[in-house]
Each structure stands twice: as C-alpha cells, then as structure tokens.
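The values are calculated or read from the model by the stated rules, or taken from the named source; none is laboratory data. Bear in mind the structure is a predicted one, so any value in this text is a computation, not a measurement. Note that we place each Cβ from the backbone using ideal geometry, even for glycine, and neighbour counts take in every protein chain shown. For accessibility, only protein heavy atoms count, side chains too; no ligands or nucleic acids. Shrake-Rupley method; radii C 1.70, N 1.55, O 1.52, S 1.80 Å.
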Amino acid sequence: MSVNGSPSGQQPTATYDSAFLKACRREAVPHTPVWFMRQAGRSLPEYRKVREGVPMLQSCMMPELVTEITLQPVRRHDVDAAIYFSDIVVPLKAIGIDLDIKPGVGPVVEQPIRTRADLARLRDLTPEDVPYVTEAIGQLTRELGATPLIGFAGAPFTLASYLVEGGPSRTYENAKAMMYGDPELWADLLDRLADITAAFLKVQIEAGASAVQLFDSWVGSLAPADYRRSVMPASAKVFDAVAGYGVPRIHFGVGTGELLRLMGEAGADVVGVDWRVPMDEAVRRVGPGKALQGNLDPTVLFTDKDTVEAKAGEVLQAAAGLEGHVFNLGHGVMPNTDPDALTRLVEYVHTRTAR
C-alpha cells in the first residue's frame, strides 16, 4: 500500500502533497482547497454536449465518456480535486436490480424491496461487475496527475430509501415504516447494502482514487436517536471496510445539522456540512479530530460577483479556526448555475486564502 492509499505503482506520491489531501489530513495548506459536488454535470455546456442522447446509467458505464466528464470541471474551474462521475445507484444496477434513472424524476426501482425474501436480490458486488469503473479510474489518474480523484458511493440509508420506496420520496414513509416496524429486516437490509457499498468503494480506491465520499443524501430526515440505532452501524461498517487503505473518508448528508457529531463518529475523517449550520458552529458540534467540508449555499451563485465573494468570505471567516477545511457548496451545483461563477469562486477562494 502506498502513502496515499492507492496500490503500489500507482503514482504513490503524485497526489499526496495536494492541498486537498493535506486539508483532509488537517495539515497546513498553501490555500484552502475547493471542489464542488456535482461540478461535473448539467451546469456545463460541454457536459450537455457529450451526454446528448446518452441515458444517465449508460453514460456511467462508458469509461471514455466518464473520463471526459470527470475532467471537464478540472479543466474549466481549476478545482483542487476531481470527483468520479457516476451515480449512487450504479452498484445496485450492477448486481441486477431492475432500476432506471428517469429524467426529471430520479432513480426508479421496478420492484421495491419490502420483504425478507426480497433481500435475496441484493447479492454481493465484485470488481467483475463494474469493470468500467476500474478502467475509467485508471484513465483518470493518468490524466489528472497530481490532482486527486475522489471516489464515491451512496450510503446504506439513502440506498435503502430508494429501494424500499421504489424511487425518490419526500416522506420516506415505507422506509421509515420498515425501520420502526421491522427493525430486524431493516438492519439486515442496511447491512447487506453496507457490504455492497464497501465493495464499490474498494474497487475505486484500488483503481487509484485518492479519497472517497459517502453520500447519505436523505439521512437528515432522521432524529439522532434513530440514526444512532438504525443507520450508524451500517455506515460505520462501510468506513471500517476501507480504513486500511489510508485514504481520507468524507461523509456528507443534507439537513444533517443535528447529526454532525454522529456522522463523524461513524468513521469519517472529513464531515461535510450543508449551508444551514455555520462552519464555526459545525466544528463545535462535530468535535475535535475531524476536517470539515462546505458550505456555501448553492443559490448564492445566482447573485452578482460581489455578493458571491462576500458570502464565500463569510464561510471562510467562520472556518478560519478549523484544523482542516475543504471549501465546497452546502449541496450540489444547480443545473442553471453560470459556470463562470464557479470559476470565479475558485479563484477567489484560492487568492483569499493563499498562505
């Protein structure tokens, strides 16, 4: 194992001293590193051009296309890290779950998982199920050189929510009904998903990813006691499974202000913070020993340059005392965002925090 957690021979030091990885390790940085969730996507005209006519899930399985899309925001915005272009349901599709990503809707599961018999459909994921991931990450690490690549996966709770509901939900009524009403089935479902998620992250790390992010996008719908009892064991299992690689592990969810400490305790090295909690308050909630990531409100980017810089300055000021800070938005880049606003924001953060 090399110093940045990737296998021997995969440029062991190329990304190790990058500002992004230094911040994740809570070391001194030349400037606050910046990347954006959904930086590769619909906000970029070049993305829309190469994705034209290609369904989302199909695009995730085409290594050349994945490489191009992942690199686009690095070229355009000069961000400090790339994030692997994929979708959280890719590993579920890879093991044979009948699902599709419907435009304007999101992932839709043909037969939701509602009973113990349904668990049999969730078989183990192997590297042979996702050869396109290994191939794309190999291409990407060669292209990126010293720029780190972040691998990612959906967390067990969020994947379970899609599987049980059959698609996106505002209330999670079926998922929560299982969690409360059949806790044994729920625990077994999340444990199975933890194994699949861990296997998917391992493929990415072994192919050369320098860090990984676990997206628990919908876990903010839970009370802390329910999270600790019914979700945290599965998330911890994922983080534990990849701990030996030595790569930074980031944990992010939306509306998780009440869960920040627990999300760190689950095993994250870096805790993502959405825009609802100021960074100085977030560090108090998370506690010592963790870097933080965030947390400009994505809608700020629809204002003028001076306002964007003022609001970004507030984030940087609130984060001034952190052991490690990775600048990001509080959620993903919105599709109608002006790409030039993102480019200017990266330049502003780099200039403002140059040491």
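The rows are residues; the columns are (1) within 20 Å of the chain's Cα centre (by Cα); (2) in contact (Cβ under 8 Å) with a residue 40 or more places away in the chain; (3) closer than 29 Å to ALA146 by Cβ; (4) assigned to a helix (DSSP H, G or I).
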residue: GLU64; (1), (2), (3), (4): no, yes, yes, yes
residue: ILE69; (1), (2), (3), (4): yes, no, yes, yes
residue: ARG76; (1), (2), (3), (4): no, yes, yes, yes
residue: PHE85; (1), (2), (3), (4): yes, yes, yes, no
residue: LYS93; (1), (2), (3), (4): yes, no, no, yes
residue: GLY96; (1), (2), (3), (4): no, no, no, no
residue: GLY104; (1), (2), (3), (4): no, no, no, no
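Scanning region 257-284 for residues that are of a type in the set (Lys, Arg), in contact (Cβ under 8 Å) with a residue 24 or more places away in the chain and over 22 Å from ALA234 (Cα atoms) yields a single hit, ARG276. Number of residues in region 125-137 that are surrounded by fewer than 15 Cβ atoms within 10 Å (Cβ to Cβ) and touching a Gly at 6+ places or on another chain (Cβ under 8 Å) equals 0.
In this entry, ARG123 passes the filter for residues that are outside any helix (DSSP H, G or I) and at pLDDT 95 or above. Looking across THR353, THR299, THR343, THR307, one residue alone is open to solvent by less than 30 Å² (accessible area, probe 1.4 Å), out of contact with any strand residue (DSSP E or B) (no Cβ under 7 Å at 6 or more places or on another chain) and β-branched (Val, Ile, Thr). It is THR353. Restricting attention to region 1-39 and to residues that are among the polar types (S, T, N, Q) and modelled with pLDDT of 95 or more, the residue that is farthest from ASN328 (Cα to Cα) turns out to be THR15. Pairs, please: C-beta under 7 Å, at least 6 apart or cross-chain, first residue over 19 Å from VAL105 (Cβ atoms) and in region 44-58, second open to solvent by 50 Å² or more (accessible area, probe 1.4 Å) and not aromatic (Phe, Trp, Tyr)? Partner pairs satisfying both residue conditions: LEU44/ARG76; VAL50/GLU68.
A search for C-beta distances below 8 Å between a residue of region 116-136 that is free of Cβ contacts under 8 Å to residues at least 40 places away in the same chain and acidic (Asp, Glu) and any residue that is assigned to a loop (DSSP other than H, G, I, E, B) and open to solvent by less than 30 Å² (accessible area, probe 1.4 Å), counting only pairs 6+ apart in sequence or on different chains, returns ASP129/ILE95. Report yes if some residue within region 205-219 is of a type in the set (D, E, K, R) and within 19 Å of the chain's Cα centre (by Cα); otherwise report no. Within region 205-219, one or more residues are of a type in the set (D, E, K, R) and within 19 Å of the chain's Cα centre (by Cα). Only a single criterion out of (1) within 21 Å of PHE215 (Cβ to Cβ); (2) assigned to a helix (DSSP H, G or I); (3) not β-branched (Val, Ile, Thr) is not satisfied by GLN39, namely (2). Report every pair of residues separated by at least 6 positions or lying on different chains whose Cβ atoms are under 7 Å apart, first residue within region 186-215 and over 16 Å from LEU92 (Cα atoms) and part of a loop (DSSP other than H, G, I, E, B), second among the aromatic types (Phe, Trp, Tyr) and modelled with pLDDT of 95 or more. Here the result reads ALA209/TYR84, each pair linking region 186-215 to a residue that is among the aromatic types (Phe, Trp, Tyr) and modelled with pLDDT of 95 or more. Scanning region 59-104 for residues that are open to solvent by 50 Å² or more (accessible area, probe 1.4 Å), within 22 Å of MET334 (Cα to Cα) and modelled with pLDDT of 95 or more gives GLU68, ARG75, ARG76, ASP78. When region 126-143 is filtered for residues that are of a type in the set (A, V, I, L, M) and in a helix (DSSP H, G or I), the ones remaining, listed by number, are VAL133, ALA136, ILE137, LEU140. Is it true that some residue in region 253-264 is touching an Asp or Glu at 6+ places or on another chain (Cβ under 7 Å) and closer than 25 Å to TYR16 by Cβ? Scanning region 253-264, I find no residue that is touching an Asp or Glu at 6+ places or on another chain (Cβ under 7 Å) and closer than 25 Å to TYR16 by Cβ, so the answer is no.
Mind checking which residues of region 228-255 are assigned to a helix (DSSP H, G or I) and among the small types (Gly, Ala, Ser)? Selection gives SER230, ALA234, SER235, ALA236, ALA241, ALA243, GLY244.
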